[in-house]
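Accompanying notes for the structure given below.
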Amino acid sequence: METLNELLGGFATAMTWQNLLFAFLGCLLGTIIGVLPGVGPVAGVALLIPLTLNLDPAGSIIMLCAIFYGTQYGGTITSVLLNTPGEASSAITTIDGYAMTRMGRAGAALTLAAVGSFIGGTIATVGLVAAAKPLGEMGLLVGPPEFFALMVVGISLLVALAGKSMVKALISGALGLLISMVGIDPVAGAPRFTFGIDNLMDGVSFVAVIVGVFGLSEILSFRRNEPTPVVHAPGFRQLFPSRTEWRRSAPAMARGTGVGFGLGLIPGMTGSVSSLLSYATEKRFSRFRHELGKGAVEGVAGPETANNAHANAALIPLFTLGIPASPTIAVLMGAFLQQGLTPGPSLFTEHSEIAWAIIASLFIGNVLLLLLNVPLVGLWTSILRVPTPILTAVILVFMVIGAYTINFSVFDVYVMIGFGLLGLALRNLDVPLAPMVLTLVLGPLMERSLRESLEISQGDFTVFTSRPISAVLIGIGLLIICSPLLKLRKPKALMEDPEA
Amino acid sequence: MTTESVTIKAGSTIRVAPGVLAGIGAFAAVGIYVLVSSVSLGLWTSLGPGAGLFPFAMGALLVAMSAIWLLQELRRPSARGKGVDKGVVISVVASLVILASVMDLLGFQLSMFAFLLYHLKIRGRRAWVPSLIIALAGSVGAFYAFNYGLNVALPVSAFAPLNLIGL
């Protein structure tokens, strides 16, 4: 009952006209980012963080969350119409989605994907509501040693985000930690790696680094004279699936919700793993499995439901434990920290009102996306016709404004340019960027909690093993870290994940 | 958009790409610099870890991983990826640096207008009318939207004559 009251309180905050506007704008921008091939959700969320810095914390996070799950919806449109996934988790949808387009059923495919996404996202949010209270109560038991142990589990996710090479992932992770250490040391107060530059005394701005590494480096990777795709949007009447298509999609959506929700709870699993496994589930259990690959509705409804269920379920470890389960969520966590909110057990005790407003906004955002996506599919496809030079110029304006407004200083624009070049170099060396963002976000929290813990215990390291919660968490973290380190490479199943 | 490199089979006669060697060298150099600097920051104090302990560990990790990467490359070099479009990189980075260096002097509107016109008309070869419309919207339009709509102050010109006419 208490949970329901808090959720209703959250709805009251989320439904103010300002927060509704932020949710709407977030859904709109997220869909656009998802539609644009080449601008992934990590870069998209990173790019738009600066625009939300001047908003109040609730409005800012509501907008960023809406951008995050909006990208999942938008990515479907190009998968279905162009055979090109807007983002990694929609890649598997290209198989049956594009086949449906060639059969003249593009409208039905897009509608079923949107409805599936709505169902998956909404059910996962219900799960978040159910999990929030019991896990949030853990906040009362968390001191610096437990917090450090949580951060160890978070950092251990580097293993899952490593891409093709653990060695390169560790380099990326070490770079992220080193960047986060620039500035005044949080405990002793001594300047570290500032090179005598006053602007670096407060550290390198997280936002400028992220915008540079993910956003600018993406722009720098664009190729001259890339052709603008030719796309034909389905008409309004073509958007309605037939009764048979609805009937066949329902079980696929149910299975997709289960797969996406379950995997979303496991830190390190990305949305593309969920959609892939959902497709595999359809191959195994669907009555129409022999039609998969030839334009079966199950091949669209299942994976699309799974990736949205995953996106919302992945917020559960962030909200309740402070563990970012994917690169995009790590960027989102950075935005929380910029707003003075520390995701994790203490979020529900220290900022309960904001936390519940954000959760309530997830329900609202899912409804908004359903309303936006289906009728406006023609508008979204027209975005694909924007020529690359115009698109690049518009994105660059956002980047410059975003970087400048962090501290109202041109210095941050230079920081963004520098990290854009670093990001480009890392991409060309095949060094994954995801571990860097993970350590950049978690590194300072981890260092501070380690040093606070050791100060409390007067340098005695047994403080981490003598407290049951921290001992268990550290054990889990070390297990995750050590297993692939022994081979210095990653398990094959996760290696090919493009989101990593 | 990432540039994927293709791994070559062991025993191939292809040598390690110079770019990869340069990258490994750069990471190792950063690691060594961090290792040396963090010692002076203090690794341990009477209260526990010093300001240099975490950077020291990261520096050591960078050096060690660079060495392992080098060994892996010598054993099985990775082929060159698609590379970058140098024209795009130079034009975008140079224009951004120029924009950043003149923004406080000329103000956001004028410098962004020139920046956008360069990217749309000169680099992008778009027609004059759409280029001018987008450049105006992205400079003057964005300035007013941010200044008065979102209450976010973008820089105005340091030159009094330009400042007086609202630029």
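The values are calculated or read from the model by the stated rules, or taken from the named source; none is laboratory data. Values in this document were obtained by computation on a predicted structure and should not be read as measured data. Every residue, glycine among them, receives a Cβ derived from its backbone with ideal geometry; neighbour counts consider all protein chains shown. The area values use the complete protein model at the heavy-atom level, side chains included, leaving out ligands, DNA and RNA. Shrake-Rupley method; radii C 1.70, N 1.55, O 1.52, S 1.80 Å.
Please pick out the residue among A:Gly44, A:Gly38 that is surrounded by fewer than 22 Cβ atoms within 10 Å (Cβ to Cβ), of a type in the set (Gly, Ala, Ser) and modelled with pLDDT under 80. Steps first, answer last, please.
Numbers: A:Gly44 fails: surrounded by fewer than 22 Cβ atoms within 10 Å (Cβ to Cβ).
The unique qualifying residue is A:Gly38.
Which one is modelled with the highest pLDDT among residues in the stretch A:52-86 that are farther than 22 Å from A:Asn366 by Cβ and touching a helix residue (DSSP H, G or I) at 6+ places or on another chain (Cβ under 8 Å)? Lay out the reasoning, then the answer.
Going through the stretch A:52-86, the residues farther than 22 Å from A:Asn366 by Cβ turn out to be A:53-54, A:56, A:81-84.
Keeping just the survivors that are touching a helix residue (DSSP H, G or I) at 6+ places or on another chain (Cβ under 8 Å) gives A:53-54, A:81-84.
Numbers: A:Leu53: 77, A:Asn54: 78, A:Leu81: 82, A:Leu82: 76, A:Asn83: 75, A:Thr84: 70.
Here the residue is A:Leu81.
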Search result, residues across the stretch B:46-82 that are under 24 Å from the mean Cα position of the chain (by Cα), more than 7 Å from every other protein chain (Cβ to nearest Cβ) and surrounded by fewer than 21 Cβ atoms within 10 Å (Cβ to Cβ): B:Val63, B:Arg80, B:Lys82
Matching option when the condition is open to solvent by 30 Å² or more (accessible area, probe 1.4 Å) and under 30 Å from A:Ile474 (Cβ atoms), among A:Ile329, A:Ile323, A:Ile354, A:Ile359: A:Ile354
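I need the helices (runs of 4 or more DSSP H) fully contained in the stretch B:91-167, keeping only those with at least 1 residues that are buried (at least 19 other Cβ atoms within 10 Å of the Cβ) and within 11 Å of chain A (Cβ to nearest Cβ). Let's see the steps before the verdict.
Working: elements: B:108-117, B:128-136, B:160-164.
Filter on the stretch B:91-167 gives B:108-117, B:128-136.
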Of residues in the stretch B:1-30 being touching a helix residue (DSSP H, G or I) at 6+ places or on another chain (Cβ under 7 Å), modelled with pLDDT of 85 or more and more than 8 Å from chain A (Cβ to nearest Cβ), the one nearest to A:Pro191 (Cα to Cα): B:Ala28
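Return a yes/no flag: does the stretch A:410-429 have any residue that is polar (S, T, N, Q) and within 19 Å of the chain's Cα centre (by Cα).
Within the stretch A:410-429 (the criterion being polar (S, T, N, Q) and within 19 Å of the chain's Cα centre (by Cα)), the answer is no, since none of the residues qualifies.
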Members of the stretch A:405-427 found to be touching a Gly at 6+ places or on another chain (Cβ under 6 Å) and either surrounded by fewer than 23 Cβ atoms within 10 Å (Cβ to Cβ) or within 9 Å of chain B (Cβ to nearest Cβ) (or both), listed by number: A:Met416, A:Gly420
Selection count, the stretch A:396-409, where residues are under 23 Å from the mean Cα position of the chain (by Cα) and not in a helix (DSSP H, G or I): 0
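Quick check: is even one residue across the stretch A:403-424 within 18 Å of A:Ile219 (Cβ to Cβ), out of contact with any Phe, Trp or Tyr (no Cβ under 6 Å at 6 or more places or on another chain) and of a type in the set (S, T, N, Q)?
We begin by selecting, within the stretch A:403-424, every residue within 18 Å of A:Ile219 (Cβ to Cβ); these are A:403-404, A:412-424.
Of the ones still in play, those that are also out of contact with any Phe, Trp or Tyr (no Cβ under 6 Å at 6 or more places or on another chain) are A:403-404, A:412, A:414-424.
Adding the requirement that they be of a type in the set (S, T, N, Q) leaves none.
Checked against the condition, which is being within 18 Å of A:Ile219 (Cβ to Cβ), out of contact with any Phe, Trp or Tyr (no Cβ under 6 Å at 6 or more places or on another chain) and of a type in the set (S, T, N, Q), the stretch A:403-424 yields no hits at all.
Go through the residues of the stretch A:204-221 one by one and say whether even a single one is open to solvent by 10 Å² or more (accessible area, probe 1.4 Å) and free of Cβ contacts under 8 Å to residues at least 40 places away in the same chain.
Let us first name the residues in the stretch A:204-221 that are open to solvent by 10 Å² or more (accessible area, probe 1.4 Å), namely A:204-206, A:214, A:218, A:221.
Among the residues that remain, those that are also free of Cβ contacts under 8 Å to residues at least 40 places away in the same chain are: none.
No, the stretch A:204-221 has no match at all.
Grab the helices (runs of 4 or more DSSP H) fully contained in the stretch A:87-160, keeping just those with 3 or more residues being hydrophobic (A, V, I, L, M, F, W, C) and in contact with an Asp or Glu (Cβ under 7 Å, 6 or more places away or on another chain). Can you show your working first?
Values: elements: A:93-102, A:106-136, A:144-156.
Here the list reads A:106-136.
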